[in-house]
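Supplied in structure tokens, the structure appears directly below.
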Amino acid sequence: RALSQVLFLTPHLPAFFLRHRLRSHLLEIRHLDRALLHLGLGQLSEEELRAACYLRGLNSTHLGQAECRAWLEQWLRLSCELQASEASLLAHSMVLLSLNYSQP
């Protein structure tokens, strides 16, 4: 259920469908992460940077641009090192990195 909240998915689906949607969503994010790493974070506007953080489960409304960039860099390092078969680890990392991010 925590994963569903971070990924903005409804947690009230049967387990099979929820697992499938979570895995599909994570693999899409992983694909976007690789493209973002190739493009470079310096190419993103502040709005795009916040949207990228939000898509990955971080509410960035209380963060500055530098903090968003630092969090996204940390996320990309982790995401791009994992294999597709490690989607579960990526999902749990998403929860830990977003929910435990220090708020000013």
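The values are calculated or read from the model by the stated rules, or taken from the named source; none is laboratory data. Here the structure is a predicted model, which is why all the values come from computation and not from measurement. Methodologically, a virtual Cβ is constructed for each residue, glycine included, from the backbone with ideal geometry; neighbour enumeration extends over all protein chains shown. Side chains included, ligands, DNA and RNA excluded: accessible areas come from the protein's heavy atoms. Shrake-Rupley method; radii C 1.70, N 1.55, O 1.52, S 1.80 Å.
Quick one: how many residues across the stretch 7-20 are open to solvent by less than 100 Å² (accessible area, probe 1.4 Å) and either at pLDDT 75 or above or under 19 Å from L89 (Cβ atoms) (or both)? Write out each step before concluding.
Going residue by residue through the stretch 7-20, those that are open to solvent by less than 100 Å² (accessible area, probe 1.4 Å) are 7, 9-11, 13-15, 18.
Going one step further and asking which of them are either at pLDDT 75 or above or under 19 Å from L89 (Cβ atoms) (or both), we end up with 7, 9, 14-15, 18.
Residues that pass the stated criteria total 5.
Looking at the stretch 42-53 only, could you name the residues that are over 26 Å from S88 (Cβ atoms) and surrounded by 11 or more Cβ atoms within 10 Å (Cβ to Cβ)?
The first filter runs over the stretch 42-53 and keeps only residues over 26 Å from S88 (Cβ atoms), leaving 42-50.
Scanning the stretch 42-53 gives L44, E46, E48, L49, R50.
Condition check: within 16 Å of R77 (Cβ to Cβ) and surrounded by 12 or more Cβ atoms within 10 Å (Cβ to Cβ). Does R56 satisfy that?
On the way: within 16 Å of R77 (Cβ to Cβ): yes; surrounded by 12 or more Cβ atoms within 10 Å (Cβ to Cβ): yes.
Judged against the criteria, R56 is a match.
Test E73 against the stated conditions and say whether it is within 13 Å of L97 (Cβ to Cβ) and loosely packed, with under 13 Cβ neighbours inside 10 Å. Walk me through how you get there before you give the answer.
On the way: within 13 Å of L97 (Cβ to Cβ): yes; loosely packed, with under 13 Cβ neighbours inside 10 Å: yes.
Considered against the rule, which asks whether it is within 13 Å of L97 (Cβ to Cβ) and loosely packed, with under 13 Cβ neighbours inside 10 Å, E73 comes out as yes.
Does the stretch 32-55 hold any residues that are of a type in the set (D, E, K, R) and out of contact with any helix residue (DSSP H, G or I) (no Cβ under 7 Å at 6 or more places or on another chain), and which are they? Steps first, please.
Our first condition is that a residue be of a type in the set (D, E, K, R); within the stretch 32-55, this holds for 33-34, 46-48, 50.
Listed by number, the residues that qualify are E47, E48.
Something else about it: Are there any pairs, at least 6 apart or on different chains, whose C-beta atoms fall under 8 Å, with the first in the stretch 26-49 and under 20 Å from S85 (Cα atoms) and the second among the aromatic types (F, W, Y), and if so, which?
D33/W75
Then there's this: Pick from the stretch 60-94 the residues that are part of a loop (DSSP other than H, G, I, E, B) and modelled with pLDDT under 80: which of them is nearest to the chain's Cα centre (by Cα)?
Filtering the stretch 60-94 for residues part of a loop (DSSP other than H, G, I, E, B) gives 60-64, 82-83.
Applying the additional criterion that residues be modelled with pLDDT under 80 yields 82-83.
Numbers: L82: 13, Q83: 15 Å.
Of everything passing the filter in the stretch 60-94, L82 is nearest to the chain's Cα centre (by Cα).
In the stretch 59-69, what count of residues is obtained for those that are of a type in the set (G, A, S) and surrounded by 14 or more Cβ atoms within 10 Å (Cβ to Cβ)?
Our first condition is that a residue be of a type in the set (G, A, S); within the stretch 59-69, this holds for 60, 64, 66.
Next, from what is left, pick out any that are surrounded by 14 or more Cβ atoms within 10 Å (Cβ to Cβ): 60.
Count: 1.
Please work out which residue is farthest from L89 (Cα to Cα), limiting yourself to the stretch 54-70 and to residues that are out of contact with any Cys (no Cβ under 9 Å at 6 or more places or on another chain) and among the aliphatic types (A, V, I, L, M).
It comes out as A66.
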